[in-house]
Amino acid sequence: MAEIKLVVLDLDGTVVKYNTGQWHSSWDVLASVSGKMEIYNKNAHYYYPKRELYHEWMRKSAQLLRGCRVSDVEKVIFPPPYVDGVKDTLDFLKKRNCVCGILSSGADIVADRAKKDLSLDFAVANRLIVKDGIFSGDSELIVSLWRKEKNLIGLCRKFGVSLKDTLFIGDNDNDISSMRSCGHSIAFSPANDEVKGAADVSFESWWGIKEHLEKSILS
């Protein structure tokens, strides 16, 4: 029987999937709510290939929200559109005493809500600064899009779990390094063959993931 003590989940496209933008992500939907999707898409096209400039891309994405009231944004983006089956799978994992949580280069406003709704142990994401209930346009880089494995190592240290006893579940190119770092990895509806090949197994549904865990890993 495989030993899994820590389960780390990508957020955008894996746990939640908004019907907005190229990645159906928290940043996509926030840009849409801000009314500045055209600027966001232009920035995405420019910055996505330039991995070393992610800090600039995130900062410019956060600036699009300057002056937006948090309560108004929340009315549009919540409840998050959770992927079918994710809650049942997480309930299964938690019943087996796995520490479960989110590691995302997305926005903390969505990651924190998912943590609350799904009763997770942690949510690590990039921080949007709020002052007097209004987005200031400032941000704090917590998770770099292309260096998530650094935060993953930090989570293992925090919870006293080795990488070999950690399961990572993600869907996109920026999850590959984390998949390769862990003892166990699953690609959920992978964006391409490289993502699929980086994981131990791949599934198109969370129900498939749950069945795999029940039969093959945590039985």
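For Asp132, the conditions (1) over 13 Å from the mean Cα position of the chain (by Cα); (2) at negative phi are fulfilled apart from (2).
Quick grid of which residues meet (1) outside any strand (DSSP E or B); (2) farther than 20 Å from Ser181 by Cβ; (3) at pLDDT below 95; (4) out of contact with any Pro (no Cβ under 8 Å at 6 or more places or on another chain):
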residue: Ser71; (1), (2), (3), (4): yes, yes, no, yes
residue: Pro80; (1), (2), (3), (4): yes, yes, no, yes
residue: Lys87; (1), (2), (3), (4): yes, yes, no, yes
residue: Gly101; (1), (2), (3), (4): no, no, no, yes
residue: Ala123; (1), (2), (3), (4): no, no, no, yes
residue: Gly137; (1), (2), (3), (4): no, yes, no, yes
residue: Leu145; (1), (2), (3), (4): yes, no, no, yes
residue: Lys150; (1), (2), (3), (4): yes, no, no, yes
residue: Ile153; (1), (2), (3), (4): yes, no, no, yes
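Matching residues to (1) outside any strand (DSSP E or B); (2) touching a Gly at 6+ places or on another chain (Cβ under 8 Å); (3) under 26 Å from Met179 (Cβ atoms); (4) among the hydroxyl-bearing types (Ser, Thr, Tyr):
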site: Val7; (1), (2), (3), (4): no, yes, yes, no
site: Gln22; (1), (2), (3), (4): yes, no, yes, no
site: Leu30; (1), (2), (3), (4): yes, no, no, no
site: Ile39; (1), (2), (3), (4): yes, no, no, no
site: Lys42; (1), (2), (3), (4): yes, no, no, no
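The residues on offer are Leu141, Leu145, Leu167, and the sole one that is in contact with a His (Cβ under 6 Å, 6 or more places away or on another chain) and either surrounded by 21 or more Cβ atoms within 10 Å (Cβ to Cβ) or closer than 13 Å to Leu103 by Cβ (or both) is Leu167.
Of all residues assigned to the stretch 200-217, at least one qualifies as being of a type in the set (Ser, Thr, Tyr), modelled with pLDDT under 95 and either in a helix (DSSP H, G or I) or touching a Ser or Thr at 6+ places or on another chain (Cβ under 7 Å) (or both). When the stretch 170-197 is filtered for residues that are touching a Lys or Arg at 6+ places or on another chain (Cβ under 8 Å), more than 16 Å from Ile4 (Cβ to Cβ) and crowded, with 20+ Cβ neighbours inside 10 Å, the ones remaining, listed by number, are Asn174, Asp175, Ala187, Pro190. Mind checking whether some residue in the stretch 43-63 is acidic (Asp, Glu) and touching a residue at least 12 places away in the same chain (Cβ under 8 Å)? No - not one qualifying residue is present in the stretch 43-63. In the stretch 158-180, the residues that are closer than 26 Å to Ala191 by Cβ reach residues that are among the hydroxyl-bearing types (Ser, Thr, Tyr) and part of a helix (DSSP H, G or I) with C-beta atoms within less than 7 angstrom, at least six apart or across chains, in these pairs: Leu163/Ser181; Phe168/Ser178; Gly170/Ser178. Only one of the numbered conditions (1) surrounded by 16 or more Cβ atoms within 10 Å (Cβ to Cβ); (2) in contact with a strand residue (DSSP E or B) (Cβ under 8 Å, 6 or more places away or on another chain); (3) not hydroxyl-bearing (Ser, Thr, Tyr) is violated by Gly67, and that is (1).
The values are calculated or read from the model by the stated rules, or taken from the named source; none is laboratory data. Please read all numbers here as calculations on a predicted model, not as lab measurements. Positions of Cβ are generated from backbone atoms using ideal geometry, with glycine treated the same way; all protein chains shown enter the neighbour counts.
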